[in-house]
Amino acid sequence: MTTGKINVSVENIFPLIKKFLYSDHEIFLRELVSNATDATLKLKHLANIGEAKVEYGNPIIEVKIDKEGKKIHIIDQGLGMTAEEVEKYINQVAFSGAEEFLEKYKDSAKDSGIIGHFGLGFYSAFMVAEKVEIITKSYKDEPAAHWTCDGSPEFTLEPSDKNSRGTEIILHIAEDSLEFLEEGKISGLLEKYNKFMPIPIKFGTRTETLPKPEDAPEDYVAETVEVDNIINNPNPAWTKQPTELTDEDYKEFYRELYPMQFEEPLFNIHLNVDYPFNLTGILYFPKMTGDLQIQKDKIQLYQNQVFVTDNVEGIVPEFLTMLKGVIDSPDIPLNVSRSYLQADGAVKKISNYITRKVADKLKSLFTENREDFEQKWNDIKIVLEYGMLSEPKFYEKAGAFALYPTVDEKYCTLEELKEKTKDTQTDKSGNLVILYASNKDAQHSYIAEAQAKGYEVLLLDSPIISHLIQKLEADNEKLTFVRVDSDHINNLIKKEEETISKLSDEEKEKLKTELEGVISDKKYSIQLEALDSQSAPFVITQPEFLRRMKEMSQTGGGGMFGMGNMPEMYNLVVNTNHELASNILNSTDKSHQEAVVKQALDLAKLSQNLLKGEELTAFVKRSFELIK
């Protein structure tokens with residue numbers, strides 16, 4: 001038997017490891033199962049190239065709980081270690097990493113994920129164990145070894161009578177970590193971190209019912225058998241080639257990833273690249289809601305099938321963090337902080353690649369089956385519009401597939417829209433005016449007037465649409481977007497012809513004074529316009545610029561400082577050519593005149609859904625008075 005002192009300058013490293021890593025102490029299981037997986041895969045490789053003269057077979061990794069003995073066992077059938085290798089890899093190499101770790105982080109070791117970065121994965125065991133044993137037999141024809149350490153720098157190393165190849169780690173669980181002896185706890189951790197590890201992982205057994213024989217009698221009692229409970233899927237969909245998978249395979253894998261998700265994904269994007277970095281994965285587009293926050297953190301990041309995190313900001317472009325799925329890359333360090341990842345050059349390339357790949361896939365979906373893509377547009381638009389705003393590379397490509405639906409549910413790309421509207425919607429200054437509504441019902445009367453003139457009206461109702469149209473206007477010369485209720489229809493797209501007013505300038509001035517005497521609400525700016533005599537007498541509009549800036553300010557970024565809190569401002573457009581304008585002007589009964597103005601204003605408010613509360617009650621009462 002050998003006894004020794006681990007070569008480390010810090011007198012007692014284990015309490016330090018425990019203290020530094022405490023916030024993430026559950027990762028011990030991930031680290032130890034990952035080590036077991038590595039040992040098994042290395043043996044497979046050595047057997048394949050003829051260096052290990054052994055039968056590889058069908059090895060598994062087993063995790064066992066001994067609740068009474070307060071122990072956890074992690075057993076593999078991998079390449080094992082000789083006593084010399086234990087001395088080297090457990091006592092020397094890991095501890096040189098430990099020293100580097102302590103030297104670097106002794107003052108501010110806040111980064112709980114850093115341990116694996118220094119080759120300290122095995123020592124994460126001491127976060128939960130007061131004593132750790134390793135019983136290991138190498139694939140080489142050498143005696144087995146038994147290493148024991150109780151969390152002090154002393155260890156013992158002696159021969160063992162283990163006669164099967166592989167390694168068994170035994171953790172003697174500390175009093176403050178007894179939760180890890182609960183079957184549910186370990187099962188949950190294996191499910192979280194090791195669900196797709198490439199070697200089968202056994203955790204206990206389960207009862208399986210055997211199929212009923214064809215000639216079974218009516219009173220046949222089904223037989224059951226105890227089988228290994230394999231908790232992982234060693235060959236998940238993302239490790240296969242897209243050509244090997246059907247649509248149903250992708251859907252099945254989605255259900256495996258999100259068992260509580262009842263809606264099917266709309267479509268998926270299979271990532272597969274081996275240069276200039278390795279990356280595989282499958283991203284799913286779920287149905288989106290208008291809430292940009294609620295859906296984040298659904299993409300799982302793996303390194304060689306080991307779960308790392310579901311906080312993928314910095315690795316996946318921000319607009320795609322609303323998707324679901326898996327990304328696996330050996331080039332992403334397993335245990336490093338997010339700030340480290342975001343500064344890493346390889347990670348930036350990965351982010352750019354994912355952006356490009358998603359854009360290319362969307363373009364091919366649009367090209368191959370436009371009708372299907374149009375049907376899905378409203379369920380995915382929030383992500384794509386956000387991408388157009390936040391990722392220049394995505395914006396460049398999005399012109400080929402970004403759609404702008406009309407209120408009649410026709411879908412056009414921007415170029416198609418320009419072509420379709422240029423003859424009817426170009427104003428006298430040569431600007432192409434794209435009309436849009438944000439709510440089909442609330443703005444129905446305005447939409448109807450625009451359509452009566454032969455204009456197309458888009459339906460743009462995303463919460464971030466004001467930001468996007470601002471960007472589109474900046475990038476497309478002589479193109480402007482105007483919401484259909486932002487002015488009277490004649491003023492939205494100004495043509496050469498002008499309607500002559502029936503009222504003289506003097507009469508208009510008098511009418512304005514009369515109106516201002518009745519309408520005291522400062523929210524309404526009165527504008528007299530000579531419109532068609534058949535047009536509505538009173539129309540409430542909301543100026544495009546002010547409304548858009550307010551919306552942009554409310555949805556973050558853009559807009560003018562403080563505009564999100566500005567009170568609503570409206571224009572009251574009064575048609576001087578309508579009979580009602582003349583009646584108000586020529587009325588000699590002041591109370592009747594006031595009632596008519598209030599009634600006309602309230603009708604205009606009603607059409608904009610602005611009539612509420614006390615004003616609505618007064619309007620209803622006045623209406624009944626007028627029809628007596």
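Summed over segment 69-87, the residues that are open to solvent by 30 Å² or more (accessible area, probe 1.4 Å) and touching a helix residue (DSSP H, G or I) at 6+ places or on another chain (Cβ under 9 Å) give a count of 6. Identify the residue in segment 135-150 that is free of Cβ contacts under 8 Å to residues at least 24 places away in the same chain and assigned to a loop (DSSP other than H, G, I, E, B) and, among all such residues, is farthest from LEU43 (Cα to Cα). Per the stated criteria, the residue is ASP150.
Counting only residues that are among the aromatic types (Phe, Trp, Tyr) and outside any loop (DSSP other than H, G, I, E, B), which one in segment 151-210 is nearest to THR136 (Cα to Cα)?
Restricting attention to segment 151-210, the residues satisfying the condition of being among the aromatic types (Phe, Trp, Tyr) are 155, 180, 193, 196, 203.
Those still in the list that are outside any loop (DSSP other than H, G, I, E, B) too: 155, 180, 193, 203.
Values: PHE155: 15, PHE180: 23, TYR193: 24, PHE203: 20 Å.
Here the residue is PHE155.
Here SER486 passes the criteria (1) modelled with pLDDT of 80 or more; (2) part of a loop (DSSP other than H, G, I, E, B); (3) surrounded by fewer than 16 Cβ atoms within 10 Å (Cβ to Cβ) except the one numbered (3).
Selection of segment 468-483 for residues being in a loop (DSSP other than H, G, I, E, B) and either touching a residue at least 24 places away in the same chain (Cβ under 8 Å) or β-branched (Val, Ile, Thr) (or both) yields ASN476, LYS478.
Are any residues in segment 607-628 among the acidic types (Asp, Glu) and either loosely packed, with under 14 Cβ neighbours inside 10 Å or under 16 Å from ASP441 (Cβ atoms) (or both), and if so, which ones? Hits for segment 607-628 are GLU614, GLU625. Of GLU544, GLU551, all but one fail to be closer than 15 Å to TYR436 by Cβ, in contact with a His (Cβ under 9 Å, 6 or more places away or on another chain) and in contact (Cβ under 8 Å) with a residue 60 or more places away in the chain; the exception is GLU551.
Checked against (1) surrounded by fewer than 23 Cβ atoms within 10 Å (Cβ to Cβ); (2) part of a helix (DSSP H, G or I), LYS131 passes all but condition (2).
Helices (runs of 4 or more DSSP H) fully within segment 500-606 that include at least 2 residues being under 23 Å from GLN443 (Cα atoms) and modelled with pLDDT under 85: 544-554. Answer yes if at least one residue in segment 437-448 is outside any helix (DSSP H, G or I) and β-branched (Val, Ile, Thr), and no otherwise. No, segment 437-448 has no match at all.
Cβ separations smaller than 9 Å between residues 6+ apart or across chains give the following pairs from segment 601-628 residues that are at negative phi to residues that are in a loop (DSSP other than H, G, I, E, B) and open to solvent by 90 Å² or more (accessible area, probe 1.4 Å): LYS605/LYS612. Of all residues in segment 501-536, those being open to solvent by 80 Å² or more (accessible area, probe 1.4 Å), closer than 18 Å to ALA595 by Cβ and of a type in the set (D, E, K, R) number 1.
For PHE253, are the conditions met, namely being part of a helix (DSSP H, G or I) and among the hydrophobic types (A, V, I, L, M, F, W, C)? Can you show your working first?
Details: part of a helix (DSSP H, G or I): yes; among the hydrophobic types (A, V, I, L, M, F, W, C): yes.
Yes.
Here is the figure for segment 15-29: residues that are open to solvent by 10 Å² or more (accessible area, probe 1.4 Å) and either assigned to a helix (DSSP H, G or I) or at pLDDT 80 or above (or both) total 9.
Residues of segment 191-216 that are more than 30 Å from the chain's Cα centre (by Cα) and among the basic types (Lys, Arg): LYS202, ARG206, LYS212. Would you mention how many residues in segment 274-289 are among the β-branched types (Val, Ile, Thr) and either surrounded by fewer than 16 Cβ atoms within 10 Å (Cβ to Cβ) or part of a loop (DSSP other than H, G, I, E, B) (or both)? Of the residues in segment 274-289, 1 are among the β-branched types (Val, Ile, Thr) and either surrounded by fewer than 16 Cβ atoms within 10 Å (Cβ to Cβ) or part of a loop (DSSP other than H, G, I, E, B) (or both). Among residues of segment 450-461 that are of a type in the set (Gly, Ala, Ser), those with a Cβ under 6 angstrom from a residue that is in a loop (DSSP other than H, G, I, E, B) and buried (at least 19 other Cβ atoms within 10 Å of the Cβ), sequence gap 6+ or separate chain, pair up as ALA450/VAL484.
Mind checking whether some residue in segment 394-409 is touching a Cys at 6+ places or on another chain (Cβ under 8 Å), under 30 Å from LEU320 (Cβ atoms) and of a type in the set (Phe, Trp, Tyr)? Yes, that holds for at least one residue. Selection within segment 156-181: residues that are surrounded by 17 or more Cβ atoms within 10 Å (Cβ to Cβ) and β-branched (Val, Ile, Thr). The member of this set that is farthest from GLN77 (Cα to Cα) is ILE173.
The values are calculated or read from the model by the stated rules, or taken from the named source; none is laboratory data. Given the structure is predicted, the values throughout are model-derived calculations rather than measurements. When we count neighbours, we look across all protein chains shown, and the Cβ atoms used for this are built from the backbone with ideal geometry, even at glycine. Each accessible area value is taken on the protein alone, full model and side chains, heavy atoms only, with ligands, DNA and RNA left out. Shrake-Rupley method; radii C 1.70, N 1.55, O 1.52, S 1.80 Å.
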